[in-house]
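The values are calculated or read from the model by the stated rules, or taken from the named source; none is laboratory data. Fair warning: this is a prediction, and the values are worked out from it, not measured in the lab. Neighbour counts run over all protein chains shown; Cβ positions are idealised from the backbone, glycine included.
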Amino acid sequence: MNTKTFEISLNTDCLSSSLATCSDAMIEKLKPLGLKLIANNPKDTVNGFISIVHDTQHLVRIEIYTEDEKPNTQHLSTLEKPITIPSENQIKSLLQ
Amino acid sequence: MGFSGGGSQLRAHTHDGTVALDGGALDFDNITQSQSSAGMVFYSDGTHLQQLAYPGTPAGETLTATALSTAPSWGTAGGASITSQKISPTNGQTTTATTPTNLTSANATLPTRTGGKAFMVYQQCIEKSTDGHMQQAFHYDASIQESIQTMIVSPHYITGTNSAIADLNGSVVQLMWMGDSGTLTLRNSGNQQTYCDIFEVS
């Protein structure tokens, strides 16, 4: 599958919450872009995903699918290109 | 046993110490001399004794019998060359990927040694926010290799193990992971370890 990748460094910490909660919070912040970045069940449809290294300086990598792909032997989820691929500035402004 | 008498021609002899008047056994221990240099090895060509010079700059050579040869020679020492590497990904990274994606700080470059192999063992300790499976894979030689799934019941963590054998061809080995839903959190501290040991043998 082809993706568009955004890599963003954020000066934040998440010591008071679990790392998964920190990830959930960032996904929530990006909802205005109409992106579904987490699967709620194995057969869910997603537009991409978010990977985070939770150091004091968080390293956030967001990958957005740029083409549709049905479930196959590699994954059960449906991959769906979003209606609009956001810009890096749009993502940064929502996360910061 | 020495010869007796004088003035006569030297009779044919073989230095067989069990035969009378045969010159006696040669003493090879600090008495018998030859036109040799230090470390020379003696062998027979079937008719005469020959000498094999000791390596001028010894570098671990071994005396060897190469195929189809009729005499010994010095050759490169046998035995395996073994090196190792360890990949230790960043503790506490997360992903929501449902397709394979790279772990951070999780790659190594294999050496280039003709005919050599890398034996890799990849242990991955994962916590997952939903029930389901996590997947771990190797990426090398430009494609995903040896991918396995392990089931996890949230909120517990589990360690999965994967292994692979790769050629020592200079390829970069990258560790990959994914889940089927929710968020994966990688553990790599204390007794919750994620690592990949690579043994390179040639």
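Quick grid of which residues meet (1) assigned by TED's automatic domain parsing to the domain that holds B:K117; (2) out of contact with any strand residue (DSSP E or B) (no Cβ under 9 Å at 6 or more places or on another chain); (3) at pLDDT 95 or above; (4) closer than 15 Å to B:I87 by Cβ:
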| residue | (1), (2), (3), (4) |
| --- | --- |
| B:F138 | yes, no, yes, yes |
| B:Q149 | yes, no, no, no |
| B:S154 | yes, no, no, no |
| B:A164 | yes, no, yes, yes |
| B:D167 | yes, no, yes, no |
| B:W177 | yes, no, yes, yes |
| B:T183 | yes, no, yes, no |
| B:L186 | yes, no, yes, yes |
From B:A108, B:A118, grab the single residue that is among the aliphatic types (A, V, I, L, M), surrounded by 14 or more Cβ atoms within 10 Å (Cβ to Cβ) and closer than 30 Å to B:G182 by Cα. B:A108
Looking at the structure I just gave you, is B:E127 within 27 Å of A:G48 (Cβ to Cβ), within 12 Å of chain A (Cβ to nearest Cβ) and not aliphatic (A, V, I, L, M)? yes
Looking only at the stretch B:81-91, decide whether some residue is surrounded by 15 or more Cβ atoms within 10 Å (Cβ to Cβ) and basic (K, R). no
Among the candidates B:G170, B:G182, residue that is within 14 Å of chain A (Cβ to nearest Cβ) and on the phi > 0 side of the Ramachandran plot: B:G182
Within the stretch B:26-47, track down each residue that is modelled with pLDDT of 85 or more and part of a loop (DSSP other than H, G, I, E, B). B:S37, B:A38, B:G39, B:M40, B:D45, B:G46, B:T47
Could you please tell me which pairs satisfy a Cβ distance under 8 Å, a separation of 6+ or placement on different chains, a first residue in the stretch A:72-88 that is at the interface with another protein chain (Cβ under 9 Å from one of its Cβ atoms), and a second residue that is part of a loop (DSSP other than H, G, I, E, B) and among the aliphatic types (A, V, I, L, M)? A:S77/A:A39; A:L79/A:M1
Among the listed residues A:T12, A:T45, which satisfies the condition of being of a type in the set (S, T, N, Q), more than 7 Å from chain B (Cβ to nearest Cβ) and in contact with a Lys or Arg (Cβ under 9 Å, 6 or more places away or on another chain)? A:T45
Tally the residues that are within 14 Å of another protein chain (Cβ to nearest Cβ) and among the small types (G, A, S), restricting the search to the stretch B:53-104. 3
Among residues of the stretch B:130-144 being surrounded by fewer than 17 Cβ atoms within 10 Å (Cβ to Cβ) and either out of contact with any Ser or Thr (no Cβ under 6 Å at 6 or more places or on another chain) or assigned to a strand (DSSP E or B) (or both), the residue farthest from the other protein chains (Cβ to nearest Cβ) is B:A142
